[in-house]
Amino acid sequence: MTVQEATFDTIDSLITQNEILIVDFWAPWCGPCQSFAPIFEQAAEAHPDVTFVKANTEAEQQLAAYFQIRSIPTLMVFRQQILLFNQAGALPRQALDELIGKVKALDMDVVRQEIAKAEAGDQAAQ
């Protein structure tokens with residue numbers, strides 16, 4: 001599967017319309033971003049059931065600001081519209097594959113229950 005470009009105008013539909021979405025926030029001048037790009041593209045080829053997108057933080061400053069990107073590369077993983085992973089730094093190929101495997105294996109009903117419990121606890125503390 002090919003890697004798509006994400007923009008501020010398309011990110012919401014990408015999140016809502018894809019079961020699993022992986023976003024690579026990058027910039028053309030970023031050395032680690034350039035080194036991570038082939039790893040990201042190889043993972044996209046190896047996992048055709050996952051949607052991979054790149055967000056150029058130079059061209060899409062509003063998108064980078066929306067997600068509070070402070071360091072690049074930053075990788076975000078969404079499943080069923082829930083942000084499951086948000087980490088700055090390039091991952092080695094094996095670590096990226098392991099992350100994708102763990103995301104696919106998650107029981108999302110349990111994840112939603114944990115989120116609901118955490119939100120209820122936050123409200124009780126207020």
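The values are calculated or read from the model by the stated rules, or taken from the named source; none is laboratory data. Note that the structure is a prediction, hence the values are computed from the model and not measured. Here the Cβ is made from the backbone with ideal geometry for all residues, glycine too, and neighbour counts use every protein chain on show.
For region 102-120, a residue qualifies if it is over 12 Å from the mean Cα position of the chain (by Cα) and in contact (Cβ under 8 Å) with a residue 24 or more places away in the chain, and the qualifying residues are LYS104, LEU106, MET108, VAL111, ARG112, ILE115. What about VAL23, is it in contact with a strand residue (DSSP E or B) (Cβ under 7 Å, 6 or more places away or on another chain), buried (at least 21 other Cβ atoms within 10 Å of the Cβ) and within 17 Å of LEU84 (Cβ to Cβ)? Against the criterion (in contact with a strand residue (DSSP E or B) (Cβ under 7 Å, 6 or more places away or on another chain), buried (at least 21 other Cβ atoms within 10 Å of the Cβ) and within 17 Å of LEU84 (Cβ to Cβ)), VAL23 qualifies. Residues in region 64-101 that are over 11 Å from the mean Cα position of the chain (by Cα), hydroxyl-bearing (Ser, Thr, Tyr) and buried (at least 18 other Cβ atoms within 10 Å of the Cβ): there are none.
Comparison of GLU45, GLU41, GLU19 shows that the only residue that is of a type outside the set (Phe, Trp, Tyr) and under 22 Å from ASP107 (Cα atoms) is GLU19.
Can you tell which of THR57, THR2 is modelled with pLDDT under 95 and farther than 29 Å from ARG112 by Cβ? When all the criteria are applied, what remains is THR2.
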